[in-house]
Amino acid sequence: MTDQTHQPRIERSDLPMIALVGRANVGKSTLWNRIVEERRALISAEPHTTRDRNIAQALWRGCMFEVVDTGGLDTEEDEMGRGIRRQAERAVKDADLVVFMVDGRTGVVEEDRRIAKQVRKLNPNVILVVNKIDKPRDEEILHERALYSLGLGAPVPVSASTGKRVGDMLDAVYNLLEALDRRPPEAEPK
């Protein structure tokens, strides 16, 4: 019989690891697919479609890193929900950097506040990303006090579905990894 509190680790490479976290349906899997340039993560309007961690290598500025897609940290209190949450918590702990995502259409909700507090305890290296900023009028949310009250710094706007500003977000990720002495190594020539 396995220990129910056991939280399996992802087999780590020497590459820096980035974990995408947040509540369900903020666009974590869409962003993951965009960053790794594949459509491996399932995308659905149904909450908690992602149940386990997805991990893949990504390339930015000619350098490699790993990206982990997680299920929402706002799961039900049943066995499956606890398993999804444990997987996401492990990804946060193991990551060199966490990308905490909120939904720019709904704005910050109480669940975001609870999860942000939990993430800050598990890993201090966090970038706040506001997804679903598709049009200029969507940028109004970036000035809302609620985003800054999460205690995660200035928000980085993106549209995971269109790719808008994802490069800017990856620049911020790259720069923070450098500041943490986890500069991504250059990709091997093919």
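The values are calculated or read from the model by the stated rules, or taken from the named source; none is laboratory data. Fair warning: this is a prediction, and the values are worked out from it, not measured in the lab. Cβ placement follows ideal geometry from the backbone for every residue including glycine, while neighbour counts extend to all protein chains displayed. Please note that ligands, DNA and RNA were not included when accessible areas were found on the heavy atoms of the full protein model with its side chains. Shrake-Rupley method; radii C 1.70, N 1.55, O 1.52, S 1.80 Å.
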If you check D69, D96, which single one turns out to be within 29 Å of E188 (Cα to Cα), touching a Phe, Trp or Tyr at 6+ places or on another chain (Cβ under 6 Å) and modelled with pLDDT of 90 or more?
-> D69
Top-ranked residue in segment 135-178 [being polar (S, T, N, Q) and surrounded by fewer than 18 Cβ atoms within 10 Å (Cβ to Cβ); ranked as nearest to E110 (Cα to Cα)] | S149
Does A146 satisfy the criteria of being out of contact with any helix residue (DSSP H, G or I) (no Cβ under 7 Å at 6 or more places or on another chain), of a type in the set (G, A, S), in a helix (DSSP H, G or I) and free of Cβ contacts under 8 Å to residues at least 40 places away in the same chain?
-> yes
Evaluate the following for A146: is it of a type in the set (G, A, S) and farther than 21 Å from I35 by Cα?
-> yes
Regarding L128, is this residue aliphatic (A, V, I, L, M) and assigned to a loop (DSSP other than H, G, I, E, B)?
-> no
Scanning segment 80-93 for residues that are farther than 15 Å from L152 by Cβ and among the aliphatic types (A, V, I, L, M), which turns out modelled with the lowest pLDDT?
-> M80
Selection within segment 84-117 - assigned to a loop (DSSP other than H, G, I, E, B) and touching a strand residue (DSSP E or B) at 6+ places or on another chain (Cβ under 7 Å) | A95, D96, G104, V108
Residue list for segment 152-170, restricted to those being part of a helix (DSSP H, G or I) and of a type in the set (A, V, I, L, M, F, W, C) = V166, M169, L170
Pick from segment 110-134 the residues that are of a type outside the set (D, E, K, R) and open to solvent by 50 Å² or more (accessible area, probe 1.4 Å): which of them is farthest from Y174 (Cα to Cα)?
-> L122
